[in-house]
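Note sheet for the following structure.
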Amino acid sequence: MGRHGLLKLAPIFLGTAIVPLDGAVNVAFPSIAAAFGLEVPAIQWVVICYVLTYGSLMLAVGRIGDIFGHLRVFRLGLAWSAAAFVFCALAPGYGALLGARVLQGIGAALVIGCGPALAANMFEESLRTRALAAYATGFAAAAAAGPLMGGVLVGAFGWQGVYWFRAPLALLALVLARRLADPPAAPAREPFDAAGAALLVAAVALLLLAVNRAPAPIALGLFAAAAACSLGFAWRSARAARPIIDLGLFRRPGFAALNLASTMVSFAAFAVMLVGPFYLARIAGLPALGLGLLLAASHGGAMAGAALGGRAVGRFGARAVVRAAAVLTAAGLLGVAGWGVGTPVALLAVALAVQGIGTGLFTLAYTDVVTGTMRREDRGVAGSLTMLTRTLGVVLAASLLTLLFGATEAALLGAGAAPDAAFLGAFRRVFLVAGALPLLALPLLRGRG
């Protein structure tokens, strides 16, 4: 893809960047916790309120984009996001911040629910993989910049800075996106299954909340409600003229397994951004800028992996690439599990970069398979599905890994361990579990779908 193609994608790159730049917020976790007097486990709600919102909405948003125009929905998401960033920065208390994060999640769903479809549909089908590789590289570049910018902004302006800087970016992307034209509309507009969308949103939201509240008794009720909504969605989809997503796709060889593997790999990879900042600040003793630089190694690796992925998929096939990528991701995470007091910074960076390369390769190859499997008219849903499986992994990790970390640390403290030793013991257990998951996903990737 030449310079002209990249320039054509530039407004999409910039607009989409406001979502992965949320990695700056992870760097601000210690500052947010200090500002509001929070314990480490409580910080999960900063992630969950945001990710649960956009995760539950994305498939419905992708379908809306397929029907009413991806560019129209994308522009709406940029305007909404700009306002949400201002609300986050001005939040007077922790509850207000969480509410603003919900608003931010709605904007994120509108943006990334249509971003991959816009990138894929701007070019002829023979260039689809290259367009997706360029989009994934831009996404990863923004994710790499997030922690670095977060370190600078937190040091200069406090935790609010990680929100202020994205409002003008969203508005600039909105201005640039006005020059883009939507592809020609279909002769007849397909219907939008509002009832199916409502059931799907409720099912995803209730499932994620149930996982988060486990093992509390309320989790059983939430799981039951999520199951009921899921059955209702399946029943509705079988009868709708055009369902939100064709569930028959999941009966194709390897398709359901591939999506499950994506959730597992995303679950594992998020351990870096969830627990890593606390190690780098507490054990490694890095300032906010140094913390951001090291976390950027993971996203820089993902950027390199996505950039290489386009050629790798063309040469070796997407299925072979996702298997190799899962192994690389596991190797990096198991390397992180070996961190301790006095681990050289170079070794910290190498482990994060290897994990990032694996995750970037996996994301690109997985997205190419899903996009190629579904109709061109369903590209919004295809892109949203790839984002949804990653989001499910993130929310599950934010809930379950936080629970694992807290329980392990409390047990070690109760056994008489020193605070730093208890922290490191919990840290290692989290990353041993995270490193095992991509390896456990390998059997799911053996099929030839």
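The values are calculated or read from the model by the stated rules, or taken from the named source; none is laboratory data. Please read all numbers here as calculations on a predicted model, not as lab measurements. Here Cβ is always computed from backbone atoms with ideal geometry, including for glycine, and neighbour counts include all displayed protein chains.
Looking at this structure, is I283 in contact with a helix residue (DSSP H, G or I) (Cβ under 7 Å, 6 or more places away or on another chain) and more than 27 Å from A145 (Cα to Cα)? No: the conditions fail for I283.
The set of residues from the range 108-153 being assigned to a helix (DSSP H, G or I) and without any contact (Cβ under 8 Å) to a residue 40 or more places away in the chain comprises just one member, S126. R166: among the basic types (K, R), touching a residue at least 24 places away in the same chain (Cβ under 8 Å) and buried (at least 19 other Cβ atoms within 10 Å of the Cβ), yes or no? Spelling it out, R166 is indeed among the basic types (K, R), touching a residue at least 24 places away in the same chain (Cβ under 8 Å) and buried (at least 19 other Cβ atoms within 10 Å of the Cβ).
The rows are residues; the columns are (1) crowded, with 24+ Cβ neighbours inside 10 Å; (2) modelled with pLDDT under 85; (3) closer than 30 Å to G232 by Cβ.
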site	(1), (2), (3)
L110	yes, no, yes
A136	yes, yes, no
A141	no, yes, no
L148	no, yes, no
Q160	no, no, no
L171	no, no, no
R178	no, yes, no
P183	no, yes, no
G196	yes, no, yes
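Taking the criterion of being under 20 Å from I67 (Cα atoms), without any contact (Cβ under 8 Å) to a residue 24 or more places away in the chain and within 26 Å of the chain's Cα centre (by Cα), the only residue of the range 227-247 that qualifies is L247.
Results for (1) assigned to a helix (DSSP H, G or I); (2) over 16 Å from the mean Cα position of the chain (by Cα); (3) touching a residue at least 24 places away in the same chain (Cβ under 8 Å), shown as yes or no for each residue.
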| position | (1), (2), (3) |
| --- | --- |
| G342 | no, yes, no |
| A346 | yes, yes, no |
| A351 | yes, yes, no |
| T359 | yes, no, yes |
| L364 | yes, no, yes |
| D368 | yes, yes, yes |
| T371 | yes, yes, yes |
| D378 | yes, yes, yes |
| L385 | yes, no, yes |
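Restricting attention to the range 69-124, the residues that are β-branched (V, I, T) and either touching an Asp or Glu at 6+ places or on another chain (Cβ under 7 Å) or under 15 Å from G55 (Cα atoms) (or both) total 4. At pLDDT 85 or above, among the small types (G, A, S) and not in a helix (DSSP H, G or I): is that true of A91 in this structure? Taking the combined requirement at face value, the residue satisfies it.
Within the range 52-99, being of a type in the set (F, W, Y) and either surrounded by 24 or more Cβ atoms within 10 Å (Cβ to Cβ) or farther than 17 Å from E190 by Cα (or both) holds for Y54, F74, W80, F85, F87, Y94.
Table: residues versus (1) charged (D, E, K, R); (2) out of contact with any His (no Cβ under 9 Å at 6 or more places or on another chain); (3) in a helix (DSSP H, G or I); (4) farther than 23 Å from G435 by Cβ.
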| residue | (1), (2), (3), (4) |
| --- | --- |
| L199 | no, yes, yes, yes |
| A203 | no, yes, yes, yes |
| A228 | no, yes, yes, yes |
| W235 | no, yes, yes, yes |
| L258 | no, yes, yes, no |
| M264 | no, yes, yes, no |
| G285 | no, yes, no, yes |
